[in-house]
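Below is one structure; the comments refer to it alone.
FYI, it's all coordinate maths here, none of it is from the lab. Since the model is a prediction, treat every value here as computed from it, not as a measurement. For neighbour counting, all protein chains shown are included, and Cβ atoms are generated from backbone atoms with ideal geometry for every residue, glycine included.
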Amino acid sequence: MSREILRLENIEKKYSSNSEELHIIRNLNFVVEEGEFISILGRSGSGKSTLLNVIGLLDKIDSGKIFIDGKEVEALSETEKDSLKNQGIGFVFQFHYLLPEFTALENVMLPALLNNFDKKEEIERKALSLLKKVGMEERKSHKPSQLSGGEKQRVAIARALINSPKILLADEPTGNLDEETSEMIFKILKDINKNEKQTIIVVTHSKDLADISDKQVYLKKGVLVENL
Ligand SMILES: Nc1ncnc2c1ncn2[C@@H]1O[C@H](COP(=O)(O)OP(=O)(O)OP(=O)(O)O)[C@@H](O)[C@H]1O
Ligand SMILES: [Mg+2]
């Protein structure tokens, strides 16, 4: 039986700039079950990144409620919220944001090491197994500048998974990659979703890539719709 991992209730998000108010998300309701692989499509400027940032607790909402794994985010203490943000959610962006002075392996280990310096060996084992899952174990000692775009993004995916997040969020993870490499990245996401039952929400402009996911939703006029 599946259970709810994410619930968005009546989410509203506005930006105001120069006396103009942009109402980006309007009374949005959405539920994601554990293990689902969802892709979000929608035209440029429709608010996809805003929505992903809201789910990833990187941006605040104006009203509504977000439940992650049954817990209402606003009801958590600041410490609990921070730990949910840092460990409960994995984020992959269009740009990889790997740290240039560290190797692939070190980059993957870092988010886990920050909380547990004493568990270095365990974290290294896990990082290696994640690098293997994304087909990058042979490049573990390479620095980001010695990796191709697709390889960097695969390392970024491994890094996003190091803290075993409840939800993996990816905002156009293949936006800078060619078609073939994009397909490979999506296949990796699909495998992780299937084999580890990892819940994944990905924003993409590619209908072909979205076809690999379980469910496609469109962000339109501030709400998510399943059929256009
Ligand atoms: N910090 C901000 N302040 C004001 N307006 C913003 C801010 N961030 C985003 N916006 C506006 O909100 C709207 C939605 O932006 P968002 O980045 O979520 O779109 P998107 O669907 O991800 O687009 P794309 O496909 O081009 O990445 C845009 O009109 C954008 O200009
Ligand atoms: Mg965007």
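Within the chain, DSSP assigns beta bridges of which about 55% are antiparallel (rounded to the nearest 5). Taking 1.306 mPa s as the viscosity and 10 °C as the temperature, the Stokes-Einstein diffusion coefficient of segment 34-164 based on its alpha-carbon Kirkwood radius rounds to 98 µm²/s.
Computed over the alpha-carbon pairs of the chain, the distance histogram in 10 Å steps reads 8, 33, 36, 20, 4, 0 percent, short to long. Cα-Cα over 22 Å: which of K85/K197; K187/K221; K120/K194? Beyond 22 Å: K187/K221; K120/K194.
Spin-label model, L22/Q94: points 7 Å from Cα along the beta carbon direction are separated by 1.3 nm.
Among the trypsin sites (Lys or Arg not before Pro) found in segment 126-228, those both in a DSSP coil and sparsely packed, with 13 or fewer other Cβ atoms within 10 Å of their Cβ, are K197, K221. Semi-axis lengths, largest first, of the ellipsoid equivalent to segment 101-228 are 28, 17, 12 Å, with √(5λ) applied to each eigenvalue of the Cα gyration tensor. Considering only GluC sites (Glu not before Pro) in DSSP loops that have at most 12 other Cβ atoms within 10 Å, the longest stretch of the chain without any of them is 102-225. With the cut-off at 1.5 for a/c, could you classify segment 20-76 from its C-alpha gyration tensor as rounded, prolate or oblate? Here segment 20-76 falls in the oblate category. With a cap of 15 neighbouring Cβ atoms within 10 Å, and only residues DSSP puts in a loop, list the trypsin sites (Lys or Arg not before Pro) found in segment 25-83. For trypsin sites (Lys or Arg not before Pro) across segment 25-83 that sit outside H, G, I, E and B with at most 15 neighbouring Cβ atoms in 10 Å, the list reads R43, K60.
Our summary of shape: the Cα atoms of segment 131-170 have principal axis extents of 31, 17, 13 Å, ordered from largest down, in whole angstrom. Taking a point 7 Å from the Cα of H142 along the Cα-to-Cβ direction, the residues of segment 171-198 with backbone N closer than 16 Å to it are 177-178, 181-182, 184-185. With N the number of residues in segment 1-48, Rg(Cα) / (2.2 N^0.38 Å) evaluates to 1.47. What the Kirkwood sum gives for segment 69-135 is a hydrodynamic radius of 13.7 Å, with every pair of different alpha carbons counted.
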